[in-house]
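Student: Submitted below is the structure of interest, expressed as structure tokens.
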Amino acid sequence: MKTPVSTLLAFAAVTGVTAAAAFAVVGSPGCGTSADRSAAPPGDGAGANPARSNEPGIELASAPDGRAPVFQLYKVSGTYELPSHPLPPGIDPNAAFVVEMKEDEGKAGKKKKRSRVFRGDMPFEIQGETRGYAPSGVVVTVDGMVVPYSESDAVSSFGRTWRIRENQLVLTNPGPPKKVEISYSGVEAAVRRHSFEASELAGDDFVRYALTLGDHTRHGLLLPAPSRAEWEVTLPAKGATFDAYPTLEPSPMFGHASDGAAVRLVVVSEGVETEVARLPLTEVDPTFPRWRVDLGAYAGKKVRLKLLTETSAVSGTEGKPDFDYVFVGAPTVWAPQDQEPRKIIVIGFDTTRPDHFGFFGYDRATTPNLDRILGESAVFTRSWAPAPRTRPSFRTATTGQYPLDAVGAKNIGEVFQDQGFATKGIVANVHLVPRFDFDDGFDSWEFDGAARAEQQVDRALSWLGENQDRDAYLFLHFMDPHIVYNAPGAFHSMFVTDPDPDLPKKFNRWQVIDWKTSGVLTDQRKAHIQALHDGELRYLDGQIGRFFESLDAMPGKKLVVLHSDHGEEFWEHETFEHNHTLYDEVTRTLLAVRPGVGRADPRKIDVPVTLADIAPTIYDYAGLPADQWPIELDGNSLRPLIDEKPAPEFDDRPIGIAHLRYSFERWGVIRNDHKY
């Protein structure tokens with residue numbers, strides 16, 4: 001439902017992609033701080049509560065077009081001059097690379113006929129996780145014979161196999177190989193992608209690029225030196241600022257690197273060309289440091305902005321252009337608003353069942369901070385996941401469409417990026433990595449599969465602080481309640497009353513299944529395992545309290561949505577963990593909406609809803625015109641229910657649940673008061 005409502009967060013009329021009137025699109029010419037984790041649990045309080053509003057929204061007195069425009073230079077067409085230089089002599093990315101191998105003495109076979117293990121440094125990097133499948137396009141030959149891939153590190157074969165571990169080629173072979181070669185079509189593809197001519201891409205398609213360094217992905221512009229990109233823009237009337245996050249991209253082949261480059265920002269105003277900043281780039285920097293330039297001297301003027309990349313880090317000199325892959329992350333021109341900045345935050349909890357919250361009557365003090373926060377929110381007591389697992393549930397939560405249609409659909413981040421918001425994703429589950437396109441629409445996306453809540457909160461507060469003067473959308477994900485249950489310090493055993501002395505400190509789902517099969521999964525062990533999960537929840541709760549204490553003290557208008565992707569089973573139906581069944585323990589989710597710094601009249605709403613309702617609810621609260629909503633949304637805005645207005649679209653609405661992975665396919669439907 002897209003009923004017009006008064007707005008909590010009014011949008012600018014002239015922003016990034018919609019800024020056609022402010023841009024002259026001239027096209028492309030021929031060339032186209034962390035606390036000690038072992039510390040005792042913090043207090044349950046989170047500081048003094050700010051004043052609450054009786055209204056679900058905070059009205060803006062001024063019109064939306066009173067906001068200064070935001071120009072996202074990487075989202076609009078420009079004029080480009082791009083190089084097309086060949087590779088240095090003697091470098092052929094199509095060739096097979098010889099790998100010098102050394103025997104791994106620690107894994108040498110003891111039996112004479114058993115295969116032995118050899119290791120050698122990889123000549124190139126292969127992005128992504130390779131365990132479980134052979135990297136596409138990789139061929140390994142040993143003494144002229146093609147060798148099959150094996151995911152196993154075990155020395156158990158009398159034949160030859162290979163795998164990749166920590167940028168090393170690992171080979172099992174009956175004896176020392178004479179010649180080992182490896183080829184990878186991805187090297188040739190990467191080289192072609194960085195050559196404008198060889199890529200056969202149009203100018204805009206060539207320069208628009210996403211770069212992943214370590215666990216951090218940024219979207220922006222690829223400008224191999226020497227390049228030029230320029231745009232015509234009328235700068236904001238006051239406080240005009242240029243922000244970007246430049247770095248060098250690594251060469252696709254180890255042992256080959258840029259000898260240094262630079263990026264310059266030039267302003268052409270009233271026929272006068274002025275270099276306003278120059279940034280030398282001497283190394284690959286995975287932190288993507290911010291480059292901020294004050295453009296206040298040109299406030300309110302129509303200017304031509306130029307980004308130029310050079311082949312030397314030293315001004316006035318020329319270097320070699322080889323592998324000078326300059327990346328400029330999220331180049332943006334913006335200005336502080338006269339109105340308060342707007343912050344929209346979606347917090348996704350992995351593997352979190354609401355009936356383990358004190359707010360919902362749980363008998364353990366697992367969630368004192370979250371209980372307080374939910375007590376300031378509109379809470380939906382019958383919220384359902386589309387699946388009892390992460391990827392399909394988050395696809396739905398981030399797009400407003402059910403899982404199959406959500407693949408490739410426009411997500412919340414893209415919608416707000418189009419409105420000129422700074423956008424950030426901070427996640428800790430491997431199912432949310434850029435390979436699955438969850439980063440689409442985000443200036444910055446950080447995945448850290450080992451991150452605890454403390455690190456996630458630190459990252460979130462740092463980014464919000466860095467963007468405190470800008471409208472900002474943040475997706476913040478927490479993994480802590482997911483197995484392996486290993487909360488830090490005193491949280492680990494906080495709720496363990498009868499410890500099983502034989503329970504390993506760390507264990508996974510498969511071990512638990514084996515314990516059940518072998519008959520050693522006692523009631524004592526089950527209770528111990530559930531207590532460990534609750535300890536993770538209590539640890540997470542303390543960090544959530546810290547996050548909201550800082551968030552509520554920040555300037556600006558705020559809207560926060562909290563939800564989980566699915567729950568966790570603890571043998572209520574003789575099964576454990578999730579992704580096996582469609583019982584309530586894994587398909588009921590947390591879902592709460594907290595406008596501003598909390599409601600003075602918190603509300604529990606007992607209507608069946610789904611994670612697909614998150615996106616339209618945010619668009620509704622934000623006052624986004626209906627014609628700017630993504631089409632074909634499966635969810636409805638929850639705001640009429642929150643405002644106690646008629647909402648017939650929720651009457652007799654079927655909500656589907658499916659998409660199991662670890663069991664045979666089953667489907668469930670929620671309709672009114674029944675589950676089928």
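Student: Just name one of T396, G668, G90: the one whose Cα is farthest towards the positive end of the charge dipole of the chain (beta-carbon charges, Lys/Arg +1, Asp/Glu -1).
Tutor: G90
Student: Taking only the C-alpha atoms, wrap a convex hull around the stretch 441-493 and report its volume per residue in Å³ as a whole number.
Tutor: Numbers: hull volume 4.9 nm³, N = 53.
Cα-based convex hull of the stretch 441-493, divided per residue, equals 93 Å³.
Student: List the trypsin sites (Lys or Arg not before Pro) within the stretch 456-561 that DSSP assigns to loop and that have no more than 14 neighbouring Cβ atoms inside 10 Å.
Tutor: Hits after loop and neighbour filter: K505, K506.
Student: Further, regarding this structure: Let me know the charge dipole size of the stretch 340-675 about its Cα centre in debye, to the nearest 20, where only the beta-carbon of Lys, Arg (+1) and Asp, Glu (-1) is charged.
Tutor: Roughly 200 debye for the stretch 340-675.
Student: Within the stretch 247-270, whose backbone N sits under 18 Å from a point 7 Å along Cα→Cβ of V293?
Tutor: Within reach of a label on V293, which here means backbone N under 18 Å from a point 7 Å along Cα→Cβ, the stretch 247-270 contributes 247-248, 261-270.
Student: Taking only DSSP H segments of four or more residues, each worth -39500 (n - 2.57), what value at 222 nm results for the chain once the sum is divided by all its residues, to the nearest 500 deg cm²/dmol?
Tutor: -5000 deg cm²/dmol
Student: Let me see the pair-distance distribution of the stretch 250-344: every alpha carbon pair, 5 Å bin width, integer percents in order.
Tutor: Cα pair-distance distribution for the stretch 250-344, in percent: 3, 11, 19, 19, 16, 13, 9, 6, 4, 1, 0.
Student: Give the average over all directions of the projected area of the C-alpha convex hull of the stretch 340-675, one decimal, in nm².
Tutor: Directional mean of the projected Cα hull area for the stretch 340-675 stands at 16.4 nm².
Student: While we're on this one: Only loop residues by DSSP count here, and only those with at most 10 other Cβ atoms within 10 Å; note down the GluC sites (Glu not before Pro) in the stretch 290-388 that meet that.
Tutor: The qualifying sites are E318.
Student: I'd like the distance separating the alpha-carbon centroids of the stretch 269-297 and the stretch 460-498, in whole Å.
Tutor: Each part reduced to its Cα centre gives a spacing of 34 Å.
Student: Loop-only trypsin sites (Lys or Arg not before Pro) in the stretch 279-373, please: DSSP not H, G, I, E or B, and at most 14 other Cβ atoms within 10 Å.
Tutor: R290
Student: Let me ask something else. Calculated FRET efficiency, A237 and M554, Cβ-Cβ r, R0 35 Å, to nearest 0.05?
Tutor: After rounding, the FRET efficiency stands at 0.90.
Student: To check you understand DSSP bridge types, tell me what percent of the beta bridges within the chain (both residues inside) are antiparallel, rounded to 5.
Tutor: About 75 percent, rounded to the nearest 5.
Student: Of the beta bridges DSSP finds with both residues in the stretch 340-675, what % are antiparallel, to the nearest 5?
Tutor: 35 percent
Student: Compute the orientation-averaged projected area for the chain from the convex hull of its Cα atoms and round it to one decimal in nm².
Tutor: On the way: hull surface 133.4 nm².
Value for the chain: 33.4 nm².
Student: Go through K557/K645; K238/K558; K526/K675 and tell me which ones have a Cα-Cα distance over 26 Å in this structure.
Tutor: Where the Cα-Cα span goes over 26 Å, the pairs concerned are K526/K675.
Student: Let me ask something else about it. Using alpha-carbon positions, what is the distance between the centroids of the stretch 355-394 and the stretch 510-588, in Å?
Tutor: Cα centroid of the stretch 355-394 versus Cα centroid of the stretch 510-588: 10 Å apart.
Values quoted throughout were computed directly from the atomic coordinates according to the rules given, and no laboratory measurement underlies them. These figures come from a predicted structure and were not determined experimentally. Note that we place each Cβ from the backbone using ideal geometry, even for glycine, and neighbour counts take in every protein chain shown.
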